[in-house]
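**Q** Before anything else, here's the structure in question.
The values are calculated or read from the model by the stated rules, or taken from the named source; none is laboratory data. All of these numbers come straight from a predicted model, not from anything done at the bench. All Cβ positions, even for glycine, are placed from backbone atoms using ideal geometry, and neighbour counts span all protein chains on display.
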Amino acid sequence: MNAQPTRQDPLLGEVRFRLPLPVILPIGSLIVIALVAIAFSQILLNVPKEVATVIALATAANLLVALSVIATRPQMSRARILEVLAVMLYPIIIGAGLAIVGVGEGTAAGEHQAGGPAAEGIAVSAANVQFDTDQIALPADEATTITFDNEDSADHNIAIYEDESARQDLFKGATVAPGDSTNYEIPAIPAGEYYFQCDVHPSMNGDVTVAAEGEPAEGEGETAS
Ligand SMILES: [Cu+2]
């Protein structure tokens, strides 16, 4: 008394036959490509940069190998092709796993921060009686570090002043000898626009922007409890 399953949907079979392949194939593959692309970009955005690079490269290499295997064996069975496709998708699956588990979230957060005002310290260097920048961004109300690298043949320092008159200093860094570098411990400074210069060569100068940290960095940067 077992009804055969194939008998229950003769219509389905007919419909399948009537939709011409030239219509199904492009639409179907477009949908699949879109889904894979969206899923894949979600994965790559959720893992640290290095992991994302590895996953992308591994997937590309896998695709190449899998597709060439399929191409060189035209009479491969459908099951075999599916198997190869599954193998091809391993890196994506592993990547999804990593993204879900949240591997290396610390790294990703650190990279986020690099975009905004540097909370964990910034780097300035000097060469040819010039700083490599005329803009220094610091987080407001938070002690930070400026790593100063003197690549020049003259002594330099970094000092931060209220304004261009360079009378009222908020920080006065020790002079750094040629070829040396130092970590200046900058005290907490309230938000505002300031001025920095080399006291030995006041023509070496620029603006200091002290601003509250952007939203992405808030989670890690906040020390207040
Ligand atoms: Cu100088």
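**Q** Does region 197-220 contain any residue that is within 16 Å of the ligand (Cβ to nearest atom), under 14 Å from THR147 (Cα atoms) and at pLDDT 95 or above?
**A** Going through region 197-220, the residues within 16 Å of the ligand (Cβ to nearest atom) turn out to be 197-206.
In the following step, the residues that additionally are under 14 Å from THR147 (Cα atoms) were identified as none.
There is no residue in region 197-220 that is within 16 Å of the ligand (Cβ to nearest atom), under 14 Å from THR147 (Cα atoms) and at pLDDT 95 or above.
Every residue, every condition in (1) under 30 Å from VAL208 (Cβ atoms); (2) surrounded by 11 or more Cβ atoms within 10 Å (Cβ to Cβ); (3) acidic (Asp, Glu); (4) modelled with pLDDT of 70 or more, yes or no:
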residue	(1), (2), (3), (4)
MET1	no, no, no, no
PHE17	no, no, no, no
ASN46	no, yes, no, yes
LEU57	no, yes, no, yes
THR72	no, no, no, yes
LEU85	no, yes, no, yes
LEU89	no, yes, no, yes
PRO117	yes, yes, no, no
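**Q** Kindly provide the set of residues from region 23-65 that are over 22 Å from LEU98 (Cα atoms) and either of a type in the set (Gly, Ala, Ser) or not in a helix (DSSP H, G or I) (or both), ordered by number.
**A** If the condition is that a residue be over 22 Å from LEU98 (Cα atoms) and either of a type in the set (Gly, Ala, Ser) or not in a helix (DSSP H, G or I) (or both), then GLY28, SER29 are the ones that fit.
**Q** Somewhere in region 66-84, is a residue in a helix (DSSP H, G or I) and closer than 16 Å to ALA99 by Cβ?
**A** Checking region 66-84: not a single residue is in a helix (DSSP H, G or I) and closer than 16 Å to ALA99 by Cβ.
**Q** Would you check if GLU185 is in the same structural domain as ALA126 (by TED's automatic domain parsing), over 30 Å from the mean Cα position of the chain (by Cα) and touching a residue at least 12 places away in the same chain (Cβ under 8 Å)?
**A** In short, no.
**Q** Here's a follow-up. So ILE146 passes all but one of these: (1) away from the ligand (no atom under 15 Å from the Cβ); (2) within 14 Å of VAL210 (Cα to Cα). Which condition number does it fail?
**A** Only one criterion is unmet by ILE146, namely (1).
**Q** Take ASP132 and decide whether it is within 15 Å of ASP207 (Cβ to Cβ) and within 13 Å of the ligand (Cβ to nearest atom). Spell out how you get there, then give the answer.
**A** Values: within 15 Å of ASP207 (Cβ to Cβ): yes; within 13 Å of the ligand (Cβ to nearest atom): yes.
Criteria met by ASP132.
**Q** Consider region 127-179. How many of its residues are over 33 Å from the mean Cα position of the chain (by Cα), surrounded by 14 or more Cβ atoms within 10 Å (Cβ to Cβ) and either not assigned by TED's automatic domain parsing to the domain that holds ASP199 or not in a loop (DSSP other than H, G, I, E, B) (or both)?
**A** Looking only at that region, the number is 5.
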